[in-house]
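Chemist: Pasting a structure below so you can have a look.
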Amino acid sequence: AAVTWGIHTHNDAELAVAAHAIETMAGGWIRPPIAPRRPTFAEFALSPSRLQAFTDCERKFFFLRILRIEEPANIYLTIGGVFHEVLKELVEPDATGEEVRAALASDTTGEVIDRVIATKMPDAGEWLRGLTRVHMRLMLGGVRELEATRKGKYHVLSVETEAKLEDDGKTIFTGRVDRIDHVEGLGPVVIDYKTSASLPKTAASILAGIENDRDYWQVVIYAAL
């Protein structure tokens, strides 16, 4: 069948089926992708990131999580790791809301950023380190603004806590909760740090995604944990 970019012939469907039968990745540009499926491993602990990886690309999930082939370094993941580590040092368990806001506004934030960058990015050049410093300051500014808008009293219960959900002695879900605060009159609340532009960053956007049948695995896992 004659197929050109942007023009589909009446034989496209047959061609896509034949190509897909030979190689599951072939023909994907001809027809819509297959609906995402969920993994079902009897002895495999899942996490929000693993579930999302499977939803995005089954083959990538197989390479990364089953064959454990290391993925090339990603600057966005690196910056996300630096950001989490900076907040881990600045926001300590048992800190009150006032103490959290004071720590985020402290003059020592620059020292913490430099120390974390040196540890997390030992091979980075000075130009990249400088760019990361600027980015960290901007991101911390965003965190300060969010903390300033919070109402009521609260204190930090835990930071970077590992958690798991078991069934009949088997671990089903695993996760790492960035932070849990205890809010007066409400109880424990998960504080999840978002650094990716592709992920929802507000309660409204998460709810809108759920209503539109989008999968935000972290919400599901947090509810279970």
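Chemist: Please work out if ARG59 is surrounded by 16 or more Cβ atoms within 10 Å (Cβ to Cβ), in a helix (DSSP H, G or I) and at pLDDT 80 or above.
Modeler: no
Chemist: Taking segment 202-215 on its own, how many of its residues are of a type outside the set (Gly, Ala, Ser) and at pLDDT 70 or above?
Modeler: Adding up the residues that qualify gives 6.
Chemist: Return a yes/no flag: does segment 62-76 have any residue that is closer than 26 Å to ALA148 by Cα, out of contact with any helix residue (DSSP H, G or I) (no Cβ under 9 Å at 6 or more places or on another chain) and either loosely packed, with under 13 Cβ neighbours inside 10 Å or in contact (Cβ under 8 Å) with a residue 40 or more places away in the chain (or both).
Modeler: Looking through segment 62-76, none of the residues is closer than 26 Å to ALA148 by Cα, out of contact with any helix residue (DSSP H, G or I) (no Cβ under 9 Å at 6 or more places or on another chain) and either loosely packed, with under 13 Cβ neighbours inside 10 Å or in contact (Cβ under 8 Å) with a residue 40 or more places away in the chain (or both).
Chemist: Please enumerate the residues belonging to segment 97-112 that are open to solvent by 50 Å² or more (accessible area, probe 1.4 Å) and either part of a helix (DSSP H, G or I) or closer than 21 Å to VAL183 by Cα (or both).
Modeler: Matches in segment 97-112: GLU98, GLU99, ARG101, ALA102, GLU111.
Chemist: Within segment 145-182, track down each residue that is farther than 16 Å from ARG101 by Cα, surrounded by 12 or more Cβ atoms within 10 Å (Cβ to Cβ) and among the acidic types (Asp, Glu).
Modeler: Passing the criteria: GLU160, ASP178.
Chemist: So ARG179 clears everything in (1) closer than 17 Å to LEU77 by Cα; (2) at pLDDT 90 or above except one condition, right? Which one?
Modeler: Looking at each condition in turn, ARG179 falls short on (1).
The values are calculated or read from the model by the stated rules, or taken from the named source; none is laboratory data. Just so it is clear, the model here is predicted, and its values are computed rather than measured. Cβ: placed from backbone, ideal geometry, glycine included. Neighbour counts: every protein chain shown. The protein model used for the area step is the full one, side chains on, heavy atoms only, and it has no ligands, DNA or RNA in it. Shrake-Rupley method; radii C 1.70, N 1.55, O 1.52, S 1.80 Å.
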